[in-house]
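Novice: One structure is given below, represented as structure tokens, and several questions about it will come after.
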Amino acid sequence: MSAALQSRASGALMVLLVLLLLVGAGVFAGVSALQAKRLELEAQQTQFDNLKRRRPAAPNPSAPPEKGITVQPFLAEENFALAANALQKRVVGLIEQANGKLVTVGVDPPITGDEELARRVSVQVSAELTNEALQKVLYQLESDAPFVFVDSFSANRTAGRDGDAKNEAQVEPQLSVSMSVTGYRRKGRK
């Protein structure tokens, strides 16, 4: 019996070994499949991250809304007289803020016959300014809204009062400036 028992024991051992090999192969195949899936998911995550970086960020609902462009490029007044007055006040105010001396100011009459040209408002101004004051006035005219254009411009150095070259070098020279500034009224409502 010992031979039969031994034969049975060796058969059972063989079956057990085969089962262990099958279970080991299954575990190995499962682990390999999991690793392959993990690598695939990592590749997809990398692609997703790259796409997310290219896409513009979604607006933050708790952030305040962005303001649109609020610049008004035209003179706000629809009436020629009011628009001319507003442009004249703006130019005169800039000259006075720059400590310039206003000599003359005037408004060109409105152009009739052409609707687009009728929106044009021109102010002629003459003033005495220093170089620095002139720079400030021109900068404010060009950079602030409503937008205006300097159509004509001339500047001449005024003669010193006493003609002394020594004093003239120490004092910033005065310029006699003449310019024509033009802005446009917005179209009237119909």
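Novice: So, restricting to strands (runs of 3 or more DSSP E) that lie completely within segment 100-157, which ones have at least 3 residues that are touching a residue at least 40 places away in the same chain (Cβ under 8 Å)?
Specialist: So the answer is 120-130.
Novice: From the list Thr130, Thr46, Thr104, which one is modelled with pLDDT under 90 and not aliphatic (A, V, I, L, M)?
Specialist: Just one listed residue meets the conditions, Thr46.
Novice: A further question follows. Before we move on, is Glu66 within 20 Å of Gly106 (Cα to Cα) and either loosely packed, with under 11 Cβ neighbours inside 10 Å or modelled with pLDDT of 75 or more (or both)?
Specialist: no
Novice: If you don't mind, there's one more thing I want to ask. Give Leu138, Leu87, Leu75 a once-over and let me know the one that is more than 21 Å from Val177 (Cα to Cα), touching a strand residue (DSSP E or B) at 6+ places or on another chain (Cβ under 9 Å) and either at pLDDT below 80 or crowded, with 17+ Cβ neighbours inside 10 Å (or both).
Specialist: Numbers: Leu138 fails: more than 21 Å from Val177 (Cα to Cα); Leu87 fails: more than 21 Å from Val177 (Cα to Cα).
Just a single option satisfies the conditions, and that option is Leu75.
The values are calculated or read from the model by the stated rules, or taken from the named source; none is laboratory data. The shown structure was predicted, so the numbers you read here are calculated from the model rather than taken from an experiment. Heads up, the Cβs are rebuilt from the backbone with ideal geometry, glycines too, and the neighbour counts pull from every protein chain shown.
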